[in-house]
Amino acid sequence: MSPRHSRERRRGAQRVLPPSPIERLRNAAAARIGPLRHLPALFRLAWATSRTLTLLGIGLRIARRAVPALTLYVAKLVVDAVVAGRGDVAALATASDWVASPVLRQVALLIGAELALALASDLLGRATGLVDGVLAEMTGNAITLRLMAHAAALDLAQFEDPAVQDGLERARRQVAWRGNLMGQLLGQLQDGLTALSLAVAVVAFLPWLVVLLVLALIPAFLNELHFNRQGYRLAYQRSPERREGDYMRQLGAGAESAKEIKLFGLSGYLAERFGRLADRALRENTRLARRRAVAGGLFASLGTLAYYLAYLVIALRAATGAITLGDLTFLTGAFLRLRGLVEGLLLGLSQLSGQAQYLDDLFAFLALAPRLRAPAHPAPFPTPIRDGFVFEAVGYRYPGAERWALRDLSLTIRAGEVVALVGENGSGKTTVVKLLARLYDPTEGRILLDGRDLRDYDPDILRTRIGVIFQDFVRFDFTAGENIAVGRIAERADAARIAGAAARGLADAVVARLPAGYGQRLGRRFDDGVDLSGGEWQKLAIARAYMRDSEVLVLDEPTAALDARAEAEVFARFRGLAQGRTALLISHRFSSVRRADRIVVLGDGRVQEAGTHEDLIRTGGRYAELFELQAAAYR
């Protein structure tokens with residue numbers, strides 16, 4: 001064996017050496033405590049949301065932290081005063097003697113002080129709860145807005161990635177579930193300050209008791225950290241199944257799917273699938289909860305034993321006269337409170353660590369960078385477009401797919417030209433549209449706009465200049481006017497523009513039949529909604545494209561749900577409204593596409609033939625074959 005191979009083999013052997021015990025301990029600690037690194041970011045977010053409420057929450061907790069120790073100390077003074085003055089009080093004979101007694105006056109003042117502390121503690125607690133609730137809601141809203149903004153910045157291909165969908169689902173859940181985490185963090189700060197004040201008082205008498213208490217509670221703390229980690233790992237692994245369960249629930253109880261669920265009798269099947277997923281999750285959760293309860297009970301008993309051992313020591317010292325009865329009252333009360341606080345702090349820290357693990361999902365999603373980047377110095381968008389679009393040997397393959405959606409596609413769409421794309425399903429027509437709008441970037445090749453690579457332009461500006469209506473357009477549960485205005489939402493207050501777009505898209509007649517006209521809410525999600533037919537929804541979608549009033553107009557199967565008369569009218573208007581614009585039309589209906597300036601036939605992701613309707617019929621190729629098949633159905 002050569003020396004070089006020997007060295008490589010030794011390096012390979014070194015790479016697979018198992019970690020040392022110290023490394024394993026460090027890795028385990030990092031896995032359990034590491035998620036706390038997100039808490040400063042959460043604090044910064046709360047601070048940015050409302051500095052006033054954040055400071056107020058901290059101030060209220062600092063004010064409240066000294067109340068328990070002061071209350072216990074006043075109780076000690078009461079007991080000592082009662083014990084010291086018991087003989088004097090026994091000699092009092094009349095009511096005036098009782099009123100004039102300095103002992104009773106001192107006891108009354110001390111009890112009054114304790115009452116004031118109790119009232120102050122209650123008021124401070126209620127004020128803290130109010131501030132925490134408002135701050136939690138405001139922080140949750142801020143996180144939701146940030147999540148929505150970041151999701152909007154991601155690419156379409158990322159949204160189509162199941163792993164990204166799982167991450168988005170986990171991040172969405174954390175917005176709702178972790179909104180009070182800031183309050184818990186500040187609560188830990190308050191309890192820590194209170195425990196510190198009590199510990200100082202106990203240490204002054206018996207310092208080793210505090211050490212005993214902490215040592216007895218550490219195993220319970222480590223146990224909670226362990227099971228929090230297990231719970232997070234289980235929730236993480238179940239994300240795909242949870243999404244599937246939510247999908248089953250949505251299908252089984254959704255208005256959109258109700259017709260086919262009833263017609264095909266699918267409710268039992270969906271319920272069975274949901275039940276199978278839910279039962280599996282229940283079994284796993286129950287198994288983990290059972291192990292956690294048993295281990296937690298065993299470790300918690302150590303803290304109880306430590307408390308009663310300390311209680312015994314304090315009682316014996318009081319019995320021997322080493323401390324007063326007031327000291328006994330103070331120490332037993334302080335130690336009992338301290339035990340609860342230290343136990344709560346350790347368990348709270350473990351819960352914070354456990355919940356902070358879920359923040360990993362939120363911040364991991366927020367750290368997800370879009371793959372389609374805007375150029376640092378974008379080229380100015382050409383206004384008007386002079387030459388048009390050129391696809392140069394463009395290929396695109398969807399992530400994880402073996403088959404190419406497009407391959408070696410060369411296509412020119414000239415400025416001011418109406419081009420129709422035809423082809424069978426799966427030929428790549430919609431992929432061309434998505435590449436044109438730079439929802440995707442080509443896997444290979446490039447797309448030029450007026451001689452410059454499409455990637456040289458700002459994608460947001462590019463998309464404002466292209467009006468696209470896909471065949472699977474969204475039916476927004478907004479008003480009719482808003483459904484049209486989404487084409488250019490910044491102009492939603494321009495009623496004349498909305499009405500003009502509706503007229504051009506043949507949606508004005510649809511709106512005229514609605515009870516509240518353009519102000520009528522559509523859809524079935526809300527009580528005041530009115531649903532439309534498929535063709536009526538499609539007219540609103542076409543109106544969106546005209547609302548955009550862009551230089552490039554793209555309609556992907558725009559008349560699929562329209563009757564023959566409406567289809568003919570839409571295309572008659574489309575031809576006139578496309579004057580001076582670059583237009584791309586995708587349709588399976590050859591009676592419509594024959595009006596285009598040029599027809600491009602796609603097949604297997606490539607251009608098979610191109611020309612006018614008359615040219616392609618004379619050629620007798622694929623277009624002529626498909627046209628004849630469609631025409632034969634009407635004879």
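Considering only residues that are open to solvent by 60 Å² or more (accessible area, probe 1.4 Å) and aliphatic (A, V, I, L, M), look in the range 219-257 and name the one that is modelled with the highest pLDDT.
LEU222
Check PHE365 against each of (1) more than 30 Å from the chain's Cα centre (by Cα); (2) under 30 Å from ALA149 (Cβ atoms) and name the one condition it does not meet.
Unmet condition: (1).
Being open to solvent by 10 Å² or more (accessible area, probe 1.4 Å) and within 29 Å of the chain's Cα centre (by Cα): is that true of ASP477 here?
Answer is yes for this residue.
So which residues in the range 427-447 are under 17 Å from LEU584 (Cβ atoms), open to solvent by 20 Å² or more (accessible area, probe 1.4 Å) and outside any loop (DSSP other than H, G, I, E, B), if there are any at all?
THR430, LYS434 - these are the residues of the range 427-447 that are under 17 Å from LEU584 (Cβ atoms), open to solvent by 20 Å² or more (accessible area, probe 1.4 Å) and outside any loop (DSSP other than H, G, I, E, B).
Please go through the range 313-333 and give me each residue that is within 22 Å of PRO68 (Cβ to Cβ) and part of a loop (DSSP other than H, G, I, E, B), ordered by number.
ILE323, THR324, listed by residue number.
Looking at (1) surrounded by fewer than 16 Cβ atoms within 10 Å (Cβ to Cβ); (2) within 44 Å of the chain's Cα centre (by Cα); (3) not hydrophobic (A, V, I, L, M, F, W, C), find the lone condition where SER587 falls short.
(1)
Are there any pairs, at least 6 apart or on different chains, whose C-beta atoms fall under 8 Å, with the first in the range 53-76 and touching a residue at least 40 places away in the same chain (Cβ under 8 Å) and the second of a type in the set (Phe, Trp, Tyr) and surrounded by fewer than 19 Cβ atoms within 10 Å (Cβ to Cβ), and if so, which?
THR54/PHE43; THR54/TRP47
Residues that are open to solvent by less than 20 Å² (accessible area, probe 1.4 Å) and in a loop (DSSP other than H, G, I, E, B): does the range 516-528 have at least one?
yes
Consider GLN158 carefully, then state whether it is under 30 Å from ALA374 (Cα atoms), modelled with pLDDT of 75 or more and open to solvent by less than 30 Å² (accessible area, probe 1.4 Å).
Here the answer is yes, as GLN158 does meet what is asked.
Quick check on ARG292: is it modelled with pLDDT under 80 and surrounded by 13 or more Cβ atoms within 10 Å (Cβ to Cβ)?
Yes: the conditions hold for ARG292.
Those residues that are open to solvent by less than 50 Å² (accessible area, probe 1.4 Å), part of a loop (DSSP other than H, G, I, E, B) and either touching a Leu at 6+ places or on another chain (Cβ under 6 Å) or small (Gly, Ala, Ser) (or both), I need them from the range 376-418; list them, please.
ALA379, ALA401, ALA405, ALA415, GLY416
The values are calculated or read from the model by the stated rules, or taken from the named source; none is laboratory data. Keep in mind the model is a prediction, meaning the values are calculated, not measured. All Cβ positions, glycine included, derive from the backbone under ideal geometry; neighbour counts span all protein chains shown. Surface accessibility is based on the protein's heavy atoms, side chains included, excluding ligands, DNA and RNA. Shrake-Rupley method; radii C 1.70, N 1.55, O 1.52, S 1.80 Å.
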